[in-house]
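Notes follow once the structure below has been shown.
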Amino acid sequence: MKLVDEYRDSDVVARLAAGIRRTATRPWTLMEICGGQTHSIVKNGLEALLPPGIELVHGPGCPVCVTPAELIDAAVAIAARPEVIFTSYGDMLRVPGSRGRAEGPAALLDARAAGADVRVVYSALDAVQIAAANPGRQVVFFAVGFETTAPGHALAVLQAAALGLENFSILVAHVLVPPAIDALLGSPECRVQALLAPGHVCTIEGSAEYARLSARWKVPIVVTGFEPVDLMEGILMAVRQLEAGQARLENQYSRAVRAGGNAPARAAVERVFEVTDRPWRGLGMIAGSGLALREPYRKFDAVARFGAGPEPVQDDGACISGLILQGLKKPHECPAFATLCTPEQPLGAPMVSSEGACAAYYHFGRKV
Amino acid sequence: MCLAVPGQVVEVEGDDPAFLRGRVDFSGVRREVSFAFTPEARPGDYVLVHAGFALTVVDQEEALLTLEELRRLGEAVEASPETAEEAPTP
């Protein structure tokens, strides 16, 4: 496929690996933020091409993984209502909430097995179409995601408003990357020396926030794509900065990311959503790290419509996903990994999501 | 969740920006996509598509330039005999 195959060219990857080996004179710890990048790194075996001192730790960039258990509980409760058609991306269906399966449906998939009308959609606009086609039913869309996904969800609300749909609402679980990075880099346990910033988030938001983070914490940040060539080049650019004692923002993903991001997409998000505090599963409350519907679009809020307010809950003790999402532990260091916790019977969301670090290690057999 | 796939624009239609739609070809598979956020996209352009939305028009010139540079990476080093043993091993 054009603009994909070229970025998987093994000769170019090998040249970049050699470049990293020539450049690195001592150990460095880098974090890739986005779960999509984690999967590409593990799937393509890129860590094996790096010199032993260059370590990659995996970041919290998996929206499914950081959606609080109480929001999954709220989703399951709303989905169980007879008048509701509950729509979601497929990733969310297996993620368990706070309840054990013995107490009733834990995940949306369990709710569906118990008779709830839960449907997987490819796009939020599909949910709007379902609402238009089913005026007698309440259609709820589970709006999970980072900055990449928020514009589409904003547009779904704007379309529903334009069409006068009174049977469409969204359950908002939106999170923002920069506040989480800020919290992570400010933690006394943080050992990350450079960051690969999430390329697709930056197609929307641009790179200004990441330039500020780089200056504030004096770490190199490289906006990076998702193919093997992108990731190896991003690592090389970060290692060059580290070796030269620099800390600035660079853009590896220049074919897709402009400094100012995508103006119409940002305008749609700004019109529909406002910034709010939000708890992250495994990480806790992070100020200003989420989105909520703003007036006059609050009538599209599923929590307001169904009164199924999320109750804060404690996470399961056996799962160490909080440490994994902060890059403090690797998936195979969890005692439950691949024994008590598997993609079929997950204890934590990183084992479920196609972007979760635990799922990547499980599927691609990385144990060390 | 933030996965985005490049595809080639086949056509874009509509007047209201919020409802701008079109079709994108992904190696022979065509899908309907919203162009609400990339109204500048034209047939033949490559766009990155995420969850049914074209997020950005890929700058093909920039892409080719980067690739050309990377294909030459390390050539100066490999050409000098004292570092030849550092040549990449796949």
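The values are calculated or read from the model by the stated rules, or taken from the named source; none is laboratory data. The structure displayed is predicted, hence computed values, not measured ones. We place every Cβ from the backbone using ideal geometry, glycine too, and count neighbours over all the protein chains shown. The accessibility values were calculated without ligands, DNA or RNA, using every heavy atom of the protein model including side chains. Shrake-Rupley method; radii C 1.70, N 1.55, O 1.52, S 1.80 Å.
Under the definition of Cα pairs under 8 Å and six or more residues apart, what whole-number percent is the relative contact order of chain A?
Details: 729 pairs, mean separation 82.4, N = 368.
Once normalised by length, the contact order is 22 percent.
On a 0 to 90 degree scale, rounded to 10, what angle separates helix A:177-186 from the longest Cα axis of chain A?
Orientation of helix A:177-186: about 50 degrees from the principal axis.
With the dipole of region A:138-234 worked out from charges on the C-beta (+1 for Lys and Arg, -1 for Asp and Glu) around the Cα centre, which of A:A143, A:P228, A:V175 lies farthest toward the positive end?
Among A:A143, A:P228, A:V175, the one farthest towards the positive end of the dipole of region A:138-234 is A:V175.
How fast does region A:1-319 diffuse by Stokes-Einstein, in µm²/s, taking the Kirkwood radius from C-alpha pairs at 4 °C and 1.567 mPa s? Walk me through the intermediate numbers first.
Working: Rh = 20.8 Å.
The Stokes-Einstein estimate is 62 µm²/s.
Please list the radius of gyration and Dmax for region A:119-212, considering alpha-carbon atoms only, with Å as the unit.
17.3, 55
Report A:K2's accessible area, 1.4 Å probe, all protein chains in place, as a number in Å² to the nearest 10.
In the full protein context, A:K2 sits at about 90 Å².
Show me you know the interface measure: the accessible area buried between A and B, both chains summed, probe 1.4 Å, in Å² to the nearest 100.
On the way: alone 15520 and 6920 Å², together 18270 Å².
Accessible area lost upon association: around 4200 Å².
Whenever you get a sec, compute what percent of the accessible area on chain A sits on carbon and sulfur atoms (1.4 Å probe). Don't skip to the answer; put the middle values down first.
Details: 6990 of 13490 Å².
The computed percentage sits at 52.
With a probe of 1.4 Å, find how much accessible area region A:321-363 has per residue, and write the answer as a whole number in Å². It would help to have the intermediate numbers written out before the result.
Details: 1570 Å² over 43 residues.
On a per-residue basis, 37 Å².
Using Cα springs under 10 Å in a Gaussian network model of chain A, which residue among A:P135, A:P331, A:P105 shows the largest mean-square fluctuation?
Ranking A:P135, A:P331, A:P105 by mean-square fluctuation puts A:P135 first.
What does the charge dipole of the protein assembly as shown about its Cα centre add up to, to the nearest 20 debye, if the Cβ of each Lys and Arg holds +1 and the Cβ of each Asp and Glu holds -1? Walk me through the numbers on the way to the answer.
Numbers: 41 positive and 55 negative charges, 158 e Å.
Using only the charged Cβ atoms, the result is roughly 760 debye.
Could you tell me which Cys residues in chain A have no other cysteine's Cβ under 4.7 Å from their own Cβ, answering none if every one has a partner?
Here A:C34, A:C190, A:C202, A:C319, A:C334, A:C341, A:C358 come out as lacking a disulfide-compatible partner, given the Cβ-Cβ threshold of under 4.7 Å.
Starting from the Kirkwood radius over alpha-carbon pairs of region A:321-363, derive D by Stokes-Einstein at 20 °C in a medium of 1.002 mPa s and give it in µm² s⁻¹.
On the way: Rh = 9.9 Å.
Estimated via Stokes-Einstein, D reaches 217 µm²/s.
Under the rule of -39500 (n - 2.57) per DSSP H run of 4 or more residues, summed and divided by the residues of the protein assembly as shown, what mean residue ellipticity at 222 nm is obtained, to the nearest 500 deg cm²/dmol? Please list the in-between numbers first.
Numbers: 17 runs with 155 residues, N = 458.
When only DSSP H runs of four or more count, the value is -9500 deg cm²/dmol.
Given A:I72, A:T23, A:G365, which one lies farthest toward the positive end of the charge dipole of the protein assembly as shown, if we put +1 on the Cβ of every Lys and Arg and -1 on the Cβ of every Asp and Glu?
Among A:I72, A:T23, A:G365, the one farthest towards the positive end of the dipole of the protein assembly as shown is A:I72.
Mind telling me which of A:L325, A:L213, A:L108 comes out most flexible in a GNM of chain A, alpha-carbon contacts under 10 Å?
Highest fluctuation of the listed residues: A:L213.
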